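**Q** Following this message is one structure expressed as structure tokens.
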Amino acid sequence: MGILNVFGFFAIFCISSDQFNTFAFKIRTDLDVVTRQCKHLENLSPLLRLKRHLFCDYDTTIPPNYPKTTNVTLTLMPMIMNFKGRKLSLHSLMLLIWTDPQLAWTPSDYNEITLIRVNTYQIWTPDLTVNNSGDMSTAQHELPVTNCLLYSSGSVTCVPAMKFISRCDLDCTYWPYAKQQCSVTFISWMHKGEEVDLLIDGKGINMTDYMNDTVWDFKFIDSMREVKKYKCCPNDTFPSIKYNFLLTHFHGKFHTIVIVPTIAMMLLTLIVSCLDLKSVERMAIASANLVCHLVCMYNMFWYLPFNGVNTPNIMLFYGESLTLTTFAIIITAFLRKLEDMSTEIPNWISFTTTFVLSNKAGRFLILKDESKTIDGDITTEENSGIPKSEISMKKSSWKYFADIIDWLAFICVILSYAIISLMLVPTD
């Protein structure tokens, strides 16, 4: 039995050795690389013979033209775009073309085969890194597994579907009519420019199949190729390709729910200043206007982007308008109190009211009816409209002085709204 066991062990060892020789890969310890090993099969079809010819001892880790430069041409074909916060997510097809002399063949030797399909893991492929990545977990991009077209000349064409995430700081200054410029920069960090050079064909982009976003209009601006040296590798160059895009926000409903209320609230604030100081409507409208401002600002909280670089002008406008509305309520309460004062009026106030009422413009604005007695104390002359009694003037000067301040406040509110409207209200 012992002798039989020994012969059985040697038989299994011999069979295992034969199977090991048929493996598709072998390890070369001298070069520390993994390469394919050929199977010795007879009567192969032309396609199998071609693949055996191409991939025997083919190393996928070495650039095709090493130590010379391998030129890789890029063409970006965006499909879907999503922009949120500070991240631009671009789902795109990437057309990559390069030439691999090791994969060239003579078609006449293989039944006139001029084109075959190979997987990306079977051949050398360039690496692409988004240099301005907004997500470091996806910054390094090896080509995903996909079919590539291999031509008899050695030209390789791959069109992988990839997702690129770049950082783009959102500028909300003119929201909801915001325009944002973003870029996506591709670079190869695994190979220096002397080994792998990135090129663009024409504009380097094809927007034919792009499906437009419902929030942002996505437009291509230009593309450029740059070659730089970095501190990490001062003796090497690294080419990069930068694509610039313009994103324009679709304002749509925001025009109605953001811009229109600003006009309505401006008018309400001005109407408050035009009403009579003693009227109940003035204080009621002023209070309602204040509440409307607070509601609109709270509503804006849900629509405005949270991660913008700058504060939106529309939010600054609401803040300034809220200040003017609060001022209108305070000035109304103060002038009501001022009208009811019965103390002796200071000389400078008496001089001011006399000066204002001594001209037609002042009388038109302050005196409600020049031909009647005001509060039973003051009458005006038929022609000049100047107060008849100095004593009566002093008794009613508080009311006139309050009216003067009210008109000055009205003018200040108008000027303030004109300035902040020109500076802060966004336009399309």
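The values are calculated or read from the model by the stated rules, or taken from the named source; none is laboratory data. Every value quoted in this text rests on a predicted model; they were computed, and no experiment measured them. Every residue, glycine among them, receives a Cβ derived from its backbone with ideal geometry; neighbour counts consider all protein chains shown. For accessibility, only protein heavy atoms count, side chains too; no ligands or nucleic acids. Shrake-Rupley method; radii C 1.70, N 1.55, O 1.52, S 1.80 Å.
**Q** Taking the Kirkwood radius as the inverse of the mean 1/r across Cα pairs, report the Rg/Rh of segment 76-192.
**A** Numbers: Rg = 18.5 Å, Rh = 16.4 Å.
Over the Cα atoms of segment 76-192, Rg/Rh equals 1.13.
**Q** Mind ranking 228-236, 415-423 by how tightly packed they are, going by the mean number of other C-beta atoms within 10 angstrom, highest first? Could the numbers behind the result be given before it?
**A** Values: 228-236: 9.4, 415-423: 13.8.
Output ranking for 228-236, 415-423: 415-423, 228-236.
**Q** In what order, largest first, do C292, C168 sit by accessible area if the probe radius is 1.4 Å?
**A** Working: C292 55, C168 5 Å².
Ranking C292, C168 by accessible area, largest first, yields C292, C168.
**Q** Roughly how large, in nm² to one decimal, is the mean projection of the convex hull of the alpha-carbon atoms in segment 91-134?
**A** 4.7 nm²
**Q** In Å², what does the accessible area per residue of segment 91-238 work out to with a 1.4 Å probe?
**A** 50 Å²
**Q** Moving on to the next point. Given labels modelled 7 Å from the Cα in the Cβ direction, how far is it in nm from N119 to V280?
**A** Spacing of the two 7 Å Cα→Cβ label points: 8.4 nm.
**Q** Which length gain, in nm to one decimal place, applies between T60 and S416 when the Cα-Cα distance is subtracted from 0.36 nm times their residue separation?
**A** 121.2 nm
**Q** Another one. Viscosity 1.567 mPa s, temperature 4 °C: give me the Stokes-Einstein translational D for segment 209-304 in µm²/s, with Rh taken as the Kirkwood radius over C-alpha pairs. Intermediate results must be reported in sequence, preceding the final value.
**A** Details: Rh = 18.7 Å.
It diffuses with D of about 69 µm²/s by this estimate.
**Q** Here's another thing I want to ask about it. By how many nm would the segment from S155 to R225 grow when fully extended, if each residue of separation counts as 0.36 nm and the alpha-carbon distance is taken off?
**A** Full extension of this stretch gives 23.0 nm more.
**Q** Using a 1.4 angstrom probe on heavy atoms only, work out the carbon and sulfur share of the accessible area of segment 164-286 in %.
**A** Of all accessible area on segment 164-286, carbon and sulfur atoms account for 58 percent.
**Q** Under a crude label model (7 Å from the Cα following the beta-carbon direction), how far is V215 from A333 in nanometres?
**A** Each label point lies 7 Å from its Cα, and together they span 4.2 nm.
**Q** May I pose another question? Given contacts defined as C-alpha pairs under 8 Å and at least six residues apart, what's the relative contact order of segment 199-291, whole-number percent?
**A** Numbers: 80 pairs, mean separation 20.1, N = 93.
Result for segment 199-291 is 22 percent.
**Q** Heavy atoms of the protein only, probe of 1.4 Å, neighbouring chains included. What is the accessible area of R167 in Å², nearest 10?
**A** 120 Å²
**Q** Quick one: if you stick a label point 7 Å off each Cα along the C-beta vector at E194 and D169, how many nm between them?
**A** 3.6 nm
**Q** Once you have the Cα-Cα distance between A264 and D236, take 0.36 nm times their residue separation minus that, and quote the gain in nm to one decimal. All intermediate terms of the calculation are to be shown ahead of the outcome.
**A** Details: separation 28, 0.36 × 28 = 10.08 nm, distance 6.23 nm.
Roughly 3.9 nm would be gained on extension.
**Q** Residues in segment 234-271, backbone N under 16 Å from the label point at V295 (7 Å along the Cα-to-beta-carbon vector): list them, ranges by number please.
**A** 257-269
**Q** Would you please give the FRET efficiency between N244 and M423, computed as 1/(1 + (r/R0)^6) with r the Cβ-Cβ distance and R0 = 30 Å, to the nearest 0.05?
**A** 0.55
**Q** Here's another thing I want to ask about it. Which peptide among 312-324, 202-214 comes first, and what is the full order, when sorted by highest mean count of other Cβ atoms within 10 Å?
**A** Result, highest mean first: 312-324, 202-214.
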